[in-house]
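First up is the structure itself, then whatever we jot down about it.
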């Protein structure tokens with residue numbers, strides 16, 4: 001069994017969180033070809049992405065509360081099996097409608113992996129340690145969007161789009177074996193009473209009423225929505241408008257992901273030195289700069305492929321600085337509701353990405369302006385939200401161990417007012433000085 005604070009555990013959790021990028025990025029180079037072979041227009045092909053995101057959102061609402069009751073491991077294994085079965089259905093889809101439906105079911109399985117990976121991090125770590133672990137996972141996971149489109153482009157060129165989903169099935173089955181043999185159960189306390197829908201709604205309402213949660217979640221949702229605007233729009237912009245082949249597009253897409261690869265590694269070390277809030281600030285600045293650089297490249301008539309890839313590399317760098325830390329900050333007030341908090345984060349994150357991706361897919365025609373404008377808007381709004389909410393979220397936090405049994409005031413998420421929080425654990429979080 002893998003133990004906490006080991007490379008093996010971090011690598012396994014990173015593999016689980018990579019299911020989303022792998023299931024999406026591998027077939028992105030094939031999207032124009034899918035439209036041609038299944039006789040579907042751009043908007044219909046783009047719905048295979050949006051349906052995936054909607055299924056991902058619905059699944060995240062389900063898995064968190066169930067895993068809080070029955071444990072992380074059995075629920076995770078069930079989700080992985082569903083993911084593999086649906087991936088086979090994607091490979092066998094006879095038409096675009098069947099592919100859209102299979103992608104939605106595939107997402108229902110894949111969503112369990114990322115929700116439960118986050119909940120496991122919250123089970124094992126707190127404070128900056130949680131942010132560091134998410135950044136380490138991000139550093140490993142960031143290889144997925146670099147390698148997946150390259151593999152997908154090669155597979156597309158040699159075997160066609162269906163083969164990409166067969167490879168995804170193989171990855172899923174290998175993960176099932178590793179999880180079953182090596183992942184311990186991390187949920188230490190389970191409620192005795194059966195799951196109650198009213199209780200789950202009340203738990204979600206408690207989380208949703210926290211202003212700090214929404215301030216951090218807004219940064220997560222905006223940055224992630226911009227990423228999926230790029231994923232859904234770039235195949236048609238770079239291949240249909242600018243003439244790249246499927247393999248050439250996969251190289252360009254992977255190159256843009258190098259920014260996330262570098263920044264994820266840097267964030268893991270920076271967060272322990274300067275704190276989560278400042279790392280989020282660096283990230284949102286890069287998000288805004290990347291989106292605005294894409295606008296500037298179009299306005300100035302710069303070479304579109306090179307300028308788009310470089311601008312997106314900067315945006316991706318900001319994403320891996322900002323998003324893992326914002327997720328950790330959003331979950332921190334809820335040590336006893338980690339699954340439910342992770343579910344709500346994922347639901348809002350995926351729904352916002354699905355809506356914006358569908359919008360970009362609908363707006364794209366003979367111009368790249370809808371894609372560039374969307375990225376500039378999401379990046380700039382994320383930066384404005386970070387700057388405007390600093391007084392609410394505070395300048396930073398540190399973690400301190402207290403004696404077991406000491407009564408501490410519940411942490412309501414506003415670190416300006418609270419003295420500490422414990423929520424039944426032996427960890428307290430105090431304002432920085």
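What's the ranking of 216-222, 162-168 by average number of surrounding C-beta atoms within 10 Å, highest first?
By packing density, highest mean first, the sequence is 216-222, 162-168.
The overall shape of region 281-339 is prolate: from the C-alpha gyration tensor, with semi-axes ordered a ≥ b ≥ c, the ratio a/c is 1.5 or greater and a/b exceeds b/c.
If you average the sequence gap of Cα pairs under 8 Å that are 6 or more apart and divide by the length of region 7-393, what percent do you get for the contact order? Before the final figure, lay out the partial values.
On the way: 728 pairs, mean separation 107.6, N = 387.
Computed value for region 7-393: 28 percent relative contact order.
When 351, 81, 45, 39 are sorted by how many other C-beta atoms sit within 10 angstrom of their C-beta, beginning with the fewest, the order is 39, 81, 351, 45. Given R0 = 60 Å, the distance between the Cβ atoms of residue 188 and residue 296 translates into a calculated FRET efficiency of 0.70. The ranking of 180, 214, 158, 386 from fewest to most other beta carbons within 10 Å of each one's beta carbon is 158, 180, 214, 386.
Estimated from the Cβ-Cβ distance and a Förster radius of 35 angstrom, the FRET efficiency linking residue 6 and residue 170 is about 0.85.
Mind running the shape call on region 7-393? Use the C-alpha gyration tensor, a ≥ b ≥ c as the square roots of the eigenvalues: rounded below 1.5 for a/c, prolate if a/b tops b/c, oblate otherwise.
On the way: a/c = 1.71, a/b = 1.21, b/c = 1.41.
Since a/c reaches 1.5 but b/c is at least a/b, the shape of region 7-393 is classed as oblate.
Taking 35 Å as R0, compute the FRET efficiency from the Cβ-Cβ separation of residue 180 and residue 39 and round it to 0.05. Mind dumping the intermediate values first?
On the way: r = 41 Å, r/R0 = 1.17.
So, using R0 = 35 Å, E works out to roughly 0.30.
The residues 118, 132, when put in order of fewest to most other Cβ atoms within 10 Å, stand as 132, 118.
Bear in mind that the values in this text are calculations on the coordinates, not laboratory data. Model, not experiment: these values are computed from the prediction. All Cβ positions, glycine included, derive from the backbone under ideal geometry; neighbour counts span all protein chains shown.
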